[in-house]
1. Greater than 27 Å separation of Cα atoms is the criterion. Which listed pairs, LYS151/LYS352; LYS86/LYS286; LYS322/LYS419; LYS5/LYS115, meet it?
2. Give me the net charge of ASP371's neighbourhood, meaning all other residues with Cβ under 12 Å from the Cβ of ASP371; Lys, Arg count +1, Asp, Glu -1.
3. How charged is the neighbourhood of THR423? Take every other residue with its Cβ under 14 Å from the Cβ of THR423, and add Lys/Arg as +1 and Asp/Glu as -1.
4. Would you list GLU486, GLU71 from fewest to most Cβ contacts within 10 Å?
5. Cα gyration tensor of segment 60-117, axes a ≥ b ≥ c as square roots of the eigenvalues: rounded (a/c below 1.5), prolate (a/b > b/c) or oblate?
6. Is the shape of segment 320-393 rounded, prolate or oblate, going by the alpha carbon gyration tensor and its root eigenvalues a ≥ b ≥ c, with a/c under 1.5 for rounded and a/b larger than b/c for prolate?
7. Which far-off residues, 5 or more places away or on another chain, put their amide H under 5 Å from the one on ILE59, with H placed in the peptide plane?
8. If each residue's Cβ is checked for other Cβ atoms within 10 Å, how do LYS183, LYS287 rank with the fewest at the top?
Amino acid sequence: MTQVKRIRKLYYSKGKKVTEIAKITGHNYRTVVKYLEKDDFNKRIGDEKEERRGRPSKIDPVIPLIKEWLEKDKTAPRKQRHTARKIFTRLEEEHADLLEVSYRTVANYVRKVKKEMYKDEQGYLPLEHPGGEAQVDFGQAIFYERGKLIKGHYLNLSFPYSNGGYTQLFKGENQECLLTGLKRIFEHIKGVPYKIWFDNLSAALVIGKRGERTLVEQLERFALHYRFEVNFCNPGKGHEKGNVENKVGYGRRNMFVPPPHFEDVEEYNNHLLELGDRDMQRLHYKKGETIAQLFAQEKEFMFPLPSQEFEVGRIKTALANKYGKVELETNFYSTSPSYAGEEVILKITADKVIIMDKQFNTLVIHDRIYDKGKESMKWYPYLEVMAKRPQAIKYTRFFNELPLMWKNYLESQDRERKKLTITTLMKMMEGDDEEELINATRALEETLRRGVSDIDSVLVTYYRIKNQGNPIKEIEVPDLVPPVKEYQVDIGVYDSLYRKENYP
């Protein structure tokens with residue numbers, strides 16, 4: 001536009017000829033004529049696109065990557081697709097050598113592509129919130145724990161005044177997960193919001209036939225313990241807690257895209273709390289201060305942590321079937337054959353099912369199952385019965401699941417030796433952990449390799465592997481060591497002690 005202005009000024013104000021203007025500006029003769037004859041300078045939609053058509057853009061090198069990621073998003077859960085910010089972050093981290101444009105350029109391009117794929121989303125009205133209040137909700141996200149794909153849920157607690165928030169990941173969406181997540185966040189921030197807003201979460205309330213809402217008993221005790229006020233949105237008005245709705249999406253896009261891989265969900269939850277702290281270092285979108293500064297201000301309106309810890313867990317009784325198993329939420333958990341037909345007590349937490357006798361002594365602890373129609377077996381209590389009936393072990397599921405080496409070892413033994421082996425296996429599997437069986441199998445393999453087969457030697461090797469982890473190396477004797485003459489014991493000298501004269 002500056003060049004056009006110059007051309008017209010040279011012609012109309014300076015009286016220069018077209019050929020002179022072409023020489024001065026370096027433009028082609030026809031270009032000078034075109035801009036002198038132009039009489040409409042209204043800006044129309046598409047002008048910029050027309051002007052840039054055919055010219056290379058700095059975003060071109062990363063366009064194939066952006067399109068590839070957005071195409072893959074079509075098969076991902078809707079709420080775990082890439083945002084423009086996430087795409088820009090990935091480009092910075094993974095393809096910095098190709099990235100030559102700003103976030104705004106990437107965002108504009110992503111917006112244009114997404115408009116062709118998805119419908120525009122509806123916006124929300126901005127709301128004002130007092131400090132010290134919080135909003136809570138669950139979102140869904142997939143993740144990989146020890147390589148296994150899990151369709152999980154994450155709890156998000158947001159603080160509308162500062163726009164801060166924290167996330168915790170679970171395998172379910174129940175009252176134990178809800179309260180465990182809140183408790184961890186309270187302990188992390190060392191404070192409790194004075195009021196928390198909930199939507200109609202089934203984990204938080206029971207809705208009666210007439211629409212009346214009642215807090216679940218465990219949440220009611222939890223709220224009394226931490227002293228916060230429970231408020232619910234109006235039925236069908238989930239947008240009333242719009243901050244947490246936005247935070248749920250923000251957390252999913254920034255913490256679960258792409259789906260995370262980790263070994264243990266508890267360790268990852270500690271990482272999520274750290275990410276919540278880091279995220280507060282950015283500026284608030286309209287208040288001109290960092291979220292961390294605003295969050296420090298609203299913590300003054302929060303309650304301190306109570307001196308007594310709240311123990312999250314639901315208690316219920318259950319009747320064990322003839323196999324000593326109890327049913328909980330369509331899944332079965334083992335107890336012990338001695339408790340077949342007996343009543344036991346279950347303590348249910350977010351990730352464990354603890355089975356106790358009537359005196360509240362722990363019998364067995366299971367990982368809580370979040371699938372349907374599954375079974376968790378802890379074999380240690382059953383081995384005691386198998387030791388009394390060793391010939392029946394080959395007809396059990398436990399035997400079928402044993403490594404082949406143990407199967408062969410047991411089948412090669414008579415009844416008494418088999419009984420001793422099962423009893424010893426009980427000692428090695430006392431923790432009832434998969435790792436214990438792996439160590440026991442290593443011990444059996446190493447013992448047999450050394451030409452020894454008795455079960456006591458297997459047990460000694462097992463304890464060494466478990467406590468040290470390193471096998472004992474053979475002692476190599478150098479050639480320079482002189483041979484030692486074997487000492488022969490002569491016990492005949494003791495015969496003189498039995499002479500008759502020595503005994504009157």
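1. LYS5/LYS115
2. +3
3. Result for the neighbourhood of THR423: +2.
4. Fewest-to-most ranking of GLU486, GLU71: GLU486, GLU71.
5. Taking the square roots of the gyration eigenvalues as a ≥ b ≥ c, segment 60-117 is prolate.
6. prolate
7. Answer set, sorted by chain and number: none.
8. LYS287, LYS183
Values quoted throughout were computed directly from the atomic coordinates according to the rules given, and no laboratory measurement underlies them. Quick caveat, the model's predicted, so the values are computed rather than measured. Cβ atoms come from the backbone with ideal geometry, glycine included; neighbour counts cover every protein chain shown.
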